[in-house]
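What follows is a single structure, written as C-alpha cells, with notes after it.
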Amino acid sequence: MLGGIPRALWKALPTLVFLTPVSVTAQDRVISGTVTAALDGRPLPAVSVLVVETRQGAITDRQGNFRVAGVPSGPVTLRFSVIGYRTREVRLEPGQTSVGVSLDEDVLNLDAIVVTGQATTLERRSATTSIAYVAGEDLNRVPAPTVLNALTGKITGVNLQTNSGAPGGGIQIQVRGNSTILGAFDPLVVVDGVIYSNASIPGPRGFVNAAASPTLEADPVNRIADLNPADIASIEVLKGAAASSIYGSKASNGVIVITTVRGQAGTPRVNLTQRIGLSTPLRSLPERCWTEQEAVARYGEVARPFFQGLPAPPCFDHYAQVFHNRKPSYETLADLRGGTESTRYFVSGGWKHEEGIEPATFADLQTLRANIDQILSPTTELKISTGFSRSANNRGWNNNCNNYGCHGYAIAYIPSFVDLTKRNADGSFPTPTVGPQSNPLQLIELAENLEETLRFTGGITFRWDLFDRSRQSLRLVAGGGLDAFDQNNRVWSPNDLFFERVQALPGESLRNTARSLFYNWNLNAIHSFTGSFFTANTSVGLQYEDRKIHTYLIRTQNLLPGQRNVNQGTNVSTTENLEQERTVAVYVQEALGLLSDRLLLLGGLRAERSSVNGDTRKYYIFPKISASYR
C-alpha cells in the first residue's frame, strides 16, 4: 500500500490519467456557415470543415452549408480544405456561431494531399521528396486513349514513349531513366492501395513476322491501359529512393499512386459524357513515281505490262490505299455519385470504341467501377473499391518484320506503279510479279491479330480511431486488395498469304494466354501528437504481398489450307513461364514538424524479406531521412 492506494493501482495511475478525458469547457456550442469559391462566389460542396482544437468536423452540402455541434465555448480555429482549393484557417472568438468563408483556387496543387507512407499523407507544399501530382480534372481536360497518354507532358522527369500507333497500342514509362542494366524499368503502380499489375505481355504476332525478337517487337500494351481515365481523382509519381523506403525493392523504378473518384455527401448527381470523332493520318512518306524505262531498267521486263495501254505512267499512293479507314470512334461515360454523412458512393461505367486508320483495326474498352465509403460508427469507417474492365483489340500488322508481313516494311519495297487494290476475276489478289511477295490489303483481309483481356480489382480499407484527443490521437488502418486479369491473344496467318507461300512451313496459328493474380494486405498504426512547439506523427506497420503471372504459348506451323486451329498443323511447339514473388515487410516512420510546421523532418525504416532476394530468409533494410523547410 502507498498512502492507502494499492500498489498495482498506483502503478496504473499514470496510464489512467493519460487515457481519461478531462472536460474544462462547455461543449454545447453549434457553429454553422457557408463556403464559397473566391473567384465566382458559387457554393462549394464536399469541403472538409475541422475544429483544430477538438478535431470535430463536418462536410459542406451541395449549397456549401455546414454545421458543427459540440464545439467548446472558447476561441477555436476552423480549418477548411478541399481538393483544388487552398486550405484556409479561420479564428472564431468566444460566442461566435456563424461564419462565411471563401476559398481561393490552388492552381499549383500545393495543398494537394500526397503519400508519405503506407497509410500517411501530408500537404504537397511540405513534401520532403520529389512528388509529382496531377489532378483528375487536369488529366481529363483533353480526351486520351489511355491513362499514360493523358499523362504525356504533365509530369517532369517521366519519359513516356509509344511502341505502336495502332489503336490500344502500348506506352513505355520510365521515371528518371534506367535504374538497372538488365532488369525491367517499369515503375510500381498502386491503385487505391492495391498493387496493380502493369505487365506488358506481348502477343505472338512477332513470330509470324519473323521478328528478330518476337517478344519485344509485337507492340505489347501496358495493362494500366485497363483503367478508365475518367475514374481517376489524382495521380502521384514518387521518384527516387523515398519510394523504395515505402514499397521496398520493387519500387526501385519509382511508384505511380493512383486514387480513384469517391462519392461525397449530398443529393445524387449524374454525369453523362458522349464523344465521337475520327482519325486521319498526320503525314505519310511520299511515293517515288516511275517512268516505264526506269521501271524496266530496275525490275526487268516483268514491269512493262504495268505501263502498257495507259495514257500516263501509273503512280499509286500505297499509304492511302492501305490506311484509308475513316469510320467514327466513340466514347460513352456515365457516373452516379452522392450519399449521406455516413454512406457515400460513386458508381461509373464507360464504353470506348476506337477505330484505326488501317481497316479492321480497333480498340474496345468497357469499364465498371463502384466505390463505397461507410461510416460504421463515430470511430470506425470502411472503404470499398471495385473495378471491372474488358478490353479487346485488333492492332493490325505494323512495326518491324523481316518477311514483308507488316505494312510499313512491305510498302517500302513495293514500287508505286503496282496497284494493291487490283483483283482477279474470282475476287482474289493477283500474285505479285514485281517487288516482294506481299500485298498488305490481302493481309488485312485474310489474317487475324486479336487480343481480349478481362480484369477485376478490389480493395478494402478499415479505419478505427482508438482515441482522438485535442493533442493526440491513435488510429489503426487495415487494408487489403486483389488484382486479377486474364489476357488471350489469337494470331492466324493463313498459308494463302503471299509471304507465307514462300516459307518452308507456310501458314501459322498461335494462341497466347496470360493469367495474373496479385494480392496484398497491410496493418498500420498511426499516432499523432501536437505539442506546444512541435508535432509528431509516428506510424508502424506490417505488409504482405503475393504476385504471380503465368503465361503459355502454343504455336503451329504448316497449317492445312483453310484451317486455323492450333492442332491442324504439322509443326507444333509450346512454351510456358511462371513468375511468382512473395514479400513480407515491417516498417516504422516518424514525421516531426517544427517552427509551426514550416520545418518537417521525416525518417523511416523498412525491413523486407522477399522471394526474389539473394537470401530469401534475410530482411533487407531500406532507410530514409529527409527534410523540408518552407
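The values are calculated or read from the model by the stated rules, or taken from the named source; none is laboratory data. All figures in this text were calculated on a predicted structure; none of them were measured in a lab. Backbone-built Cβ (ideal geometry, glycine too); neighbour counts: all protein chains shown. We work out accessible area using only protein heavy atoms, side chains counted, and drop any ligands, DNA or RNA first. Shrake-Rupley method; radii C 1.70, N 1.55, O 1.52, S 1.80 Å.
Quick look at the values:
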| quantity | calculated |
| --- | --- |
| Residue list for segment 254-284, filter: over 29 Å from GLU341 (Cβ atoms), part of a loop (DSSP other than H, G, I, E, B) and open to solvent by less than 20 Å² (accessible area, probe 1.4 Å) | GLY254 |
| Residue that is most open to solvent (accessible area, probe 1.4 Å) [pool: residues in segment 605-629 that are within 20 Å of GLN580 (Cβ to Cβ), touching a residue at least 60 places away in the same chain (Cβ under 8 Å) and not in a loop (DSSP other than H, G, I, E, B)] | TYR620 |
| Conditions (1) surrounded by fewer than 18 Cβ atoms within 10 Å (Cβ to Cβ); (2) modelled with pLDDT of 90 or more; (3) hydrophobic (A, V, I, L, M, F, W, C); number of the one not met by ILE232 | (1) |
| Given (1) open to solvent by less than 70 Å² (accessible area, probe 1.4 Å); (2) at pLDDT 75 or above; (3) out of contact with any helix residue (DSSP H, G or I) (no Cβ under 9 Å at 6 or more places or on another chain); (4) not aromatic (Phe, Trp, Tyr), index of the condition GLY153 fails | (1) |
| Members of segment 265-306 found to be touching a helix residue (DSSP H, G or I) at 6+ places or on another chain (Cβ under 8 Å) and closer than 30 Å to ILE357 by Cβ, listed by number | THR273, PRO281, SER284, LEU285, GLU287, TRP290, ALA295, ALA303, PHE306 |
| One residue from LEU594, LEU600 being at pLDDT 90 or above and more than 30 Å from GLY206 (Cα to Cα) | LEU594 |
| Residue satisfying condition, being open to solvent by 20 Å² or more (accessible area, probe 1.4 Å) and modelled with pLDDT of 95 or more, within set ARG515, ARG471, ARG455, ARG463 | ARG515 |
| Segment 371-385, subset open to solvent by less than 30 Å² (accessible area, probe 1.4 Å) and in contact with a Phe, Trp or Tyr (Cβ under 9 Å, 6 or more places away or on another chain), residue nearest to ALA144 (Cα to Cα) | ASN371 |
| Meets criteria (touching a strand residue (DSSP E or B) at 6+ places or on another chain (Cβ under 9 Å) and within 25 Å of LYS352 (Cα to Cα)) for ASN209 | no |
| Residues located in segment 130-162, provided they are free of Cβ contacts under 8 Å to residues at least 60 places away in the same chain and part of a strand (DSSP E or B) | ASN159, LEU160, GLN161, THR162 |
| Failed criterion for ARG337 (all others in (1) in contact with a Phe, Trp or Tyr (Cβ under 8 Å, 6 or more places away or on another chain); (2) under 25 Å from ALA410 (Cα atoms); (3) of a type outside the set (A, V, I, L, M); (4) surrounded by 15 or more Cβ atoms within 10 Å (Cβ to Cβ) hold) | (2) |
| Subset of segment 201-228 (residues that are modelled with pLDDT of 85 or more, outside any loop (DSSP other than H, G, I, E, B) and open to solvent by less than 40 Å² (accessible area, probe 1.4 Å)) | ARG205, GLY206, VAL208, ARG223, ILE224, ALA225, ASP226 |
| Qualifying residue in segment 392-402 (condition: more than 22 Å from VAL491 (Cβ to Cβ), in contact with a Gly (Cβ under 6 Å, 6 or more places away or on another chain) and in contact (Cβ under 8 Å) with a residue 12 or more places away in the chain) | no |
| Single condition VAL502 does not satisfy, out of (1) surrounded by fewer than 18 Cβ atoms within 10 Å (Cβ to Cβ); (2) in contact with a helix residue (DSSP H, G or I) (Cβ under 8 Å, 6 or more places away or on another chain) | (2) |
| Yes/no for ASN393 being buried (at least 22 other Cβ atoms within 10 Å of the Cβ), polar (S, T, N, Q) and at pLDDT below 95 | yes |
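Quick grid of which residues meet (1) modelled with pLDDT under 75; (2) over 43 Å from the mean Cα position of the chain (by Cα):
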residue: SER23; (1), (2): yes, yes
residue: GLY41; (1), (2): no, no
residue: SER48; (1), (2): no, no
residue: VAL52; (1), (2): no, no
residue: PHE66; (1), (2): no, no
residue: THR77; (1), (2): no, no
residue: THR97; (1), (2): no, yes
